[in-house]
1. Given contacts defined as C-alpha pairs under 8 Å and at least six residues apart, what's the relative contact order of the chain, whole-number percent?
2. Skipping prolines and chain starts, which residues have an amide H placed within reach, meaning under 5 Å, of the one on residue 437, given they are 5 or more residues away or on another chain?
3. In the chain, once you exclude exposed GluC sites (Glu not before Pro) (DSSP loop, at most 13 other Cβ within 10 angstrom), what's the longest stretch remaining?
4. Could you work out [θ]222 nm for the chain from helices alone, using -39500 (n - 2.57) per DSSP H run of at least four and dividing by all its residues? Round to the nearest 500 deg cm²/dmol.
5. For helix 413-422, what angle does its Cα long axis make with the longest principal axis of the chain, in degrees from 0 to 90 and rounded to 10?
6. List, in the order given, every pair from 383/468; 377/401; 383/428 whose Cα-Cα distance in the structure shown is over 21 Å.
7. Report for the chain the percent antiparallel among DSSP-assigned beta bridges with both residues inside it, nearest 5.
8. Find how many whole Å separate the alpha carbon centroid of the stretch 112-136 from the alpha carbon centroid of the stretch 1-44.
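Here, each number is a calculation from the coordinates, and none is a lab measurement. The model shown is predicted, which means the values in this text are computed figures rather than measured ones. Don't worry about glycine lacking a Cβ; one is built from the backbone with ideal geometry, like all the others, and counts go over all protein chains shown.
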Amino acid sequence: MNIFRLMEISAAQATRCTVEATVASGLESVPASEFKNAFLAEHCTSRGRVFANVLSSQIPEVLQMRSVDNLSLVAEVTKDITFSTADKEQDLKKLEKLAYAIHWDKTLLLWKKSTDFHGILYPTRDQYVASLAVEKELKSKLKSSLQESVSEIDNDQNMEKEHEVQEESQSLNNNICREKKAANILLYNQLDSRKLSEKVLKFRVTCYHTGSHAFGSQEAATAFGGTLQDIFNWVVDLTYYDLEIVLNIKEDFVYVTVPLTKESLHRRSITYFGPTTLRSTICYGMLTIASPEVGDIIIDPLCGGGSIPIEGALSFPGSLFLSGDIHPKAIERTKLNINELTAKHVSNIDVFNWDAQKLPLKDSCIDLCVTDLPFGKRMGSKKNNSTLYVRLLFELSRVMKTSGRAVFLTYDKGNFVRAVSTIHGLFKMIRILTVNIGGLAARLYVIQRTAKEYQQSLPLEVKKRRKKKNKLEK
Ligand SMILES: C[S@@+](CC[C@H](N)C(=O)[O-])C[C@H]1O[C@@H](n2cnc3c(N)ncnc32)[C@H](O)[C@@H]1O
């Protein structure tokens, strides 16, 4: 199955549509098997995305998938456009022609239904002109209400690119920017006294392109968007838009999508973010790979702000999640995040201030371990990891049941592989995946506790190394 075939099939059926789900690359198999098993949907995958044909009536459920970052409707996929490398005008004309050629109705009506848009989807020219005047007035009202410069209101990208600051305050800044942007949108809508049904649709076009072309992304977006404006009489608004249309230009094909999510779904279960907060969709992928069963006790011994156990408690209510961290600030953040869940009646999670190398747990009581180790980049150092990883695995070999599985995420591949071989025989490696974490090719290691008995002291090699180090220090 490929995306072209999927589109052919969905185009022939009024009740079906093709969706694009994005996910951290390396974890595509997680939503792919959900599409197959839960939605009985034909699908195909490419790097960081899964395309699937679902029933239009399934969209609300698809939007609840815990493995998916963003979900879009696919409006068009075509191989028929060949771009020159020199003639920019000609190439942009081809994109304008594409905007006219797409059968928009099915996608737009489904978008309207899925996002609960109550405004005017197909305005007349007069409605468009009247709307332009109202929007202009609203922008100036907003400007004076906020008493801020227009550039600060309009250019949200500037807000995201706050100056270089330390990790902790940078994530705080990002949170503040996001909240500020949401507050501005709210205020903008409050200033607008029109009924929802009187508002003309506002839109923007975003273009992502790979390969070398005579035009840039912005030029392509402007050409495509300008044509859509001519066709539909929609108002262009880069910030306060209702509808976004994404033009994806790949080396050998072009596809157009309409996002159903304005903000990535990975943010939905965490309120207080920290410097290394892991996306809840990646946490879900790791947990799914660990494959919890009802009654399992699952540990995250280095939980940071609690993203893995919180995702686990929400997605696997039949299991119990024990989490902990050595850093009191991390515990505080986890507690705050857990408190935010009270409305969801989550009671299968607890958090402790502990040293993962010396867990306050009895032998052989844990079924699964799912954790995100310090990479030795933003958090910790490779030098610390060389001992932390060994001691952690050794302690886990004590508290985990025979055949228990552990899923670790790390970028420090050398230290992890060395640690597994150092405690030789207590765990066996069963799967390795490469996962993109913020541009880093990190690894997911799945290891399994063997039947070998836990020894009371660290294996010989580590002891020897430590002795040698002590000698040198003297
Ligand atoms: C990569 S972060 C975990 C981030 C977490 N998954 C999140 O989304 O917030 C690694 C965590 O390991 C913790 N840590 C480092 N050494 C530890 C130890 N010996 N015992 C317990 N926690 C430790 C750090 O404080 C840090 O919070």
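1. On the way: 824 pairs, mean separation 58.8, N = 474.
Dividing the mean separation by the residue count of the chain yields 12 percent.
2. Residues meeting the criterion, in which the H sits 1.01 Å from N, are 442.
3. Numbers: sites that count: 148, 164, 251, 263, 293, 453.
The longest such stretch corresponds to 294-452.
4. Working: 16 runs with 196 residues, N = 474.
The per-residue figure over the chain is -13000 deg cm²/dmol.
5. 30
6. Pairs exceeding the cut-off: 377/401; 383/428.
7. Values: 41 of 68 bridges.
Bridges in the chain that DSSP calls antiparallel: roughly 60 percent.
8. 31
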